[in-house]
Amino acid sequence: MMNFAGAEKKCNKELAMCYIIYMICGSYFHRCICESPVMEQKMYLHYREMKQGEQEKLESMVIREMETLNIVFLKKLAELACEASVKKTSEGYQVDFMTGGFEGLSVILKSNGGIRIVADRNHSILL
């Protein structure tokens, strides 16, 4: 039998940040679901292990970045449902919000902690 009394909970900051991106950016859509419920749960657990002050700081950063997008583009997003997917890339992580051919959004989480928001390539003029 294993003893978990001394087990220490670890927070993967990148996965916690992916959850923040998913949660905040997804709220700009009419409805947003995660492509993988397992990944959503995994990100959420890391988010819960993050200190509240750090959560709030990172949430504010994502909100500030989203507010730099064109208001017309954001209004279009508010009418759409999307499916979010998370993948590891050479830069860090990427969270894609896919709408089935309409306006979409990708958020790249760089390994240095910065983020880059990219509108769907067909609508990047709205940025």
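The values are calculated or read from the model by the stated rules, or taken from the named source; none is laboratory data. No experiment lies behind these values; they were computed from the predicted model shown. We place every Cβ from the backbone using ideal geometry, glycine too, and count neighbours over all the protein chains shown. Remember, those area values only see protein heavy atoms, side chains included, never the ligands or the DNA or RNA. Shrake-Rupley method; radii C 1.70, N 1.55, O 1.52, S 1.80 Å.
Quick notes on this one:
- Protein heavy-atom accessible surface, 1.4 Å probe, per residue over the chain: 62 Å².
- Size of charge dipole - the chain - debye, nearest 20, with Cβ of Lys, Arg +1 and Asp, Glu -1, no other charges: 220
- Other residues within the sphere of radius under 15 Å centred on the Cβ of residue 36, judged by their own Cβ, net out at -1 (K and R +1, D and E -1).
- Amide H contacts for residue 104 (H built 1.01 Å from N in the peptide plane; partners 5 or more residues away or on another chain; cut-off under 5 Å): 120.
- Apolar share of the accessible surface for segment 49-94: 47 percent from carbon plus sulfur atoms, 1.4 Å probe.
- In terms of distances greater than 19 angstrom between alpha carbons, the cross-link table entries 51/87; 76/110; 13/57 yield 51/87; 76/110.
- Relative contact order of the chain, taken over Cα pairs closer than 8 Å and 6 or more residues apart, is 25 percent.
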